[in-house]
Amino acid sequence: MSWVARKANIQGDIWPGLPKRCQTFLFFKIKKGDEFKTRLRSFVEAGGITSAQDALDMKKRILDAKTQATQQCRPTKIQSLPGVNIAFSSTGLGAMGKFVFDEAGVKKDRSLSKIFRNTQLRGGLFAKGMYSDLVGEGWDDPQELRKEYHPFGPKGQRQIDGVFLVTASREDDLAQKVNGIKEHFLKEPGYGDANTYRVSNDPVLEFPLVRQGRTRPDKGKEHFGFEDGISQPLLEGLDEVQIKEKDPKPTKSGLIFSKHDGDDMGQPDWAEDGSFLVFRDLQQLVPEFEKWLEDNKHKAPFAASSDNPKEKLAAYLMGRWRNGTPVDENPHDDKDPSLYRSNNFDFHPVDKHDKCPFAAHIRKMRPRGDLDHDHAVIIRRGIPYGGEVSPEEKAAQRSDDENERGLLFVCYQSDIRNGFNFLTTRWASNHYFPDRKSNFIDDHGPGIDAIVGQKLDHHPPRSIGLPDGKNPTEARLDLDRWVIHRGGEYFFSPSIKALKGYLTDASDYPPAFTTP
Ligand code: N7H
């Protein structure tokens, strides 16, 4: 397929990203598979899903408006550019008759077995779902998860079959889009119009959970105050941009998209141009993070002797100063505007961490020169949720449970095991990654990722090794935990062609095979 055709087929949140200042995640449970498919098909056929090409056009309109406003010395008017994407969990595909949980049963029937071979989406973690994967493996604490992410009832039924991702630049446009979706999927057929429709007593789907994201007043910054959304993998064939000498090289699009060059999952034909979406609901303890930085700023050798110890310690944990300046490019200060969004660094010489700690968040999550291959790569599309820190929380240096905040983290990849799961379990949470560095820091290794590293019961206490000019490094700080993992789900975000065709066609299997 040509790249032009692909751009019309790919959902826009995957690439190039939907423009968003506010976003609603409408998580749904399918109650009537066949009717849901009929309504979904008409929704997609009416242009309800925002494609990559649509998103590119929106971004161009934003850029043109900004240029024009700058030329005319006036502020840019925020444009109305709403978008909608959709993704399904394995139980959702099951409810549509397109995913089998009873493999052994299906294999007893020759014709079903053939359908299974040709159409079943591959991926063990996707089939299991996030709860069973991360609680089952001991990473997530079920006590900390929101109840909607828990399996429900005596049979442990999963509650989330899919999600509508609704985005906009203005709250009124967002509300209108959300209402449009509710009307389309919930209305009683044959009654009224958009203003007078009647909600069915027996709808085709329900919304067990709605999560609301919003960019912060300090746009671009997440709640810990760091500039986010700077570094994304560039994709061969799609991102045609000039790169600097040390920028990460473009990767094969198959690391993000199913059935593209570089994806060796062996997915069925209908999955082409789709991508696995991981949603993670992450609470951030901001006053506690600030307090820890304040309490520890004099304990890290190079931070203590700097002009701004607290900010330097924060930069060490992240690998970027809060304004985005990479510590690897400037470990001393964050004053050069040309470095704010720079990606032109590779951590060389990689046997040292005099500039960027081995265990800084961005070094753990994209090790660049620390590895000779770029295999665990994700595209991130998260958005903050919750309000600003209140004066009372600031004074108490403690988060108020009634005023929760954090990040609705979304990422895309062609293989969850090699993407999100690998990054969190093998790298962020592993004190000894990046490896072959443990000789350089005492026997605790480089340390855990201060932002998203999770600790299993038998793991050492959370700590990070920090530059001190010595070899091996002696400086080490104990870390608290400032991100609480509140749950999430694994989804597949299919192509627009699959939404209009295979997925909304007749079911492949009788229901007995498609429920877990
Ligand atoms: Fe991270 N933050 O805003 O503080 N992240 N992240 N992340 N993250 C990055 O380059 C943050 C999380 C990655 O290419 C930056 O855009 C927070 C998870 C990857 O150099 C900042 C949370 C996972 C990169 C943050 C969080 C990742 C990255 C630097 C949770 C994967 C790119 C700005 C609350 C499982 C690395 C930028 C590269 C960068 C923040 C979560 C992955 C500021 C607050 C769960 C791959």
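The values are calculated or read from the model by the stated rules, or taken from the named source; none is laboratory data. Computed from a predicted model, the values in this text were never measured in an experiment. Cβ coordinates were reconstructed from backbone atoms using ideal geometry, including for glycine residues, and neighbour counts include every protein chain displayed. Each accessible area value is taken on the protein alone, full model and side chains, heavy atoms only, with ligands, DNA and RNA left out. Shrake-Rupley method; radii C 1.70, N 1.55, O 1.52, S 1.80 Å.
Please enumerate the residues belonging to segment 112-133 that are in a helix (DSSP H, G or I) and small (Gly, Ala, Ser). Quick ask: steps written out before the conclusion?
Step one: filter segment 112-133 for residues in a helix (DSSP H, G or I), giving 112-119, 124-128, 130-133.
If the condition is that a residue be in a helix (DSSP H, G or I) and small (Gly, Ala, Ser), then Ser113, Gly124, Ala127, Ser132 are the ones that fit.
Yes or no, residue by residue, for (1) acidic (Asp, Glu); (2) out of contact with any strand residue (DSSP E or B) (no Cβ under 6 Å at 6 or more places or on another chain); (3) more than 27 Å from Leu466 (Cβ to Cβ):
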residue	(1), (2), (3)
Glu392	yes, yes, yes
Leu408	no, no, yes
Asp415	yes, yes, yes
Phe433	no, yes, no
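Name the single residue that is farthest from Tyr412 (Cα to Cα) among those in segment 279-313 being open to solvent by 50 Å² or more (accessible area, probe 1.4 Å) and without any contact (Cβ under 8 Å) to a residue 24 or more places away in the chain.
Checked segment 279-313; the qualifying residue farthest from Tyr412 (Cα to Cα) is Ser305.
Which members of segment 215-238 meet the condition of being more than 11 Å from the ligand (Cβ to nearest atom) and of a type in the set (Val, Ile, Thr)? Spell out the reasoning first.
Start the filter on segment 215-238 by keeping residues that are more than 11 Å from the ligand (Cβ to nearest atom), which leaves 215, 217-219, 235-238.
Selection gives Thr215 alone.
Are any residues in segment 357-379 more than 10 Å from the ligand (Cβ to nearest atom) and within 22 Å of Glu474 (Cα to Cα), and if so, which ones?
Pro357, Phe358, Ala359, Asp370
Each row is one residue, and each column tells you yes or no for (1) among the polar types (S, T, N, Q); (2) surrounded by 18 or more Cβ atoms within 10 Å (Cβ to Cβ); (3) part of a loop (DSSP other than H, G, I, E, B).
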| position | (1), (2), (3) |
| --- | --- |
| Leu317 | no, yes, no |
| Ser338 | yes, no, no |
| His348 | no, no, yes |
| His353 | no, yes, yes |
| Cys356 | no, yes, yes |
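Given the residues Asp172, Asp102, Asp133, Asp161, which is the only one that is more than 27 Å from Gln11 (Cβ to Cβ) and not assigned by TED's automatic domain parsing to the domain that holds Asn421?
Numbers: Asp172 fails: more than 27 Å from Gln11 (Cβ to Cβ); Asp133 fails: more than 27 Å from Gln11 (Cβ to Cβ); Asp161 fails: more than 27 Å from Gln11 (Cβ to Cβ).
Result of the check over Asp172, Asp102, Asp133, Asp161: Asp102.
Can you tell which of Leu423, Leu408 is closer than 30 Å to His458 by Cα, near the ligand (Cβ under 9 Å from one of its atoms), out of contact with any Asp or Glu (no Cβ under 6 Å at 6 or more places or on another chain) and open to solvent by less than 60 Å² (accessible area, probe 1.4 Å)? Before you say what the answer is, go through the steps one by one.
Working: Leu408 fails: near the ligand (Cβ under 9 Å from one of its atoms).
Going through Leu423, Leu408 in turn, the sole match is Leu423.
Taking the condition assigned to a loop (DSSP other than H, G, I, E, B) and of a type in the set (Asp, Glu), does Asp140 pass? Full working, then the answer.
On the way: assigned to a loop (DSSP other than H, G, I, E, B): yes; of a type in the set (Asp, Glu): yes.
Yes; evaluated as a whole, the condition is true for this residue.
Considering only segment 143-163, how many residues are open to solvent by 50 Å² or more (accessible area, probe 1.4 Å) and in a helix (DSSP H, G or I)?
2
Let's see how each residue does on (1) part of a loop (DSSP other than H, G, I, E, B); (2) more than 16 Å from the ligand (Cβ to nearest atom); (3) under 21 Å from Trp321 (Cα atoms):
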| residue | (1), (2), (3) |
| --- | --- |
| Lys182 | no, yes, no |
| Phe185 | no, yes, no |
| Thr196 | yes, yes, no |
| Pro208 | no, yes, no |
| Gly213 | no, no, no |
| Glu240 | yes, yes, no |
| Lys246 | yes, no, yes |
| Leu277 | no, no, no |
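Table: residues versus (1) farther than 30 Å from Pro309 by Cβ; (2) crowded, with 19+ Cβ neighbours inside 10 Å.
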{"residue": "Ala396", "(1), (2)": "no, no"}
{"residue": "Arg417", "(1), (2)": "yes, no"}
{"residue": "Trp427", "(1), (2)": "no, yes"}
{"residue": "Pro434", "(1), (2)": "no, yes"}
{"residue": "Ala450", "(1), (2)": "no, yes"}
{"residue": "Leu456", "(1), (2)": "yes, no"}
{"residue": "Arg476", "(1), (2)": "no, no"}
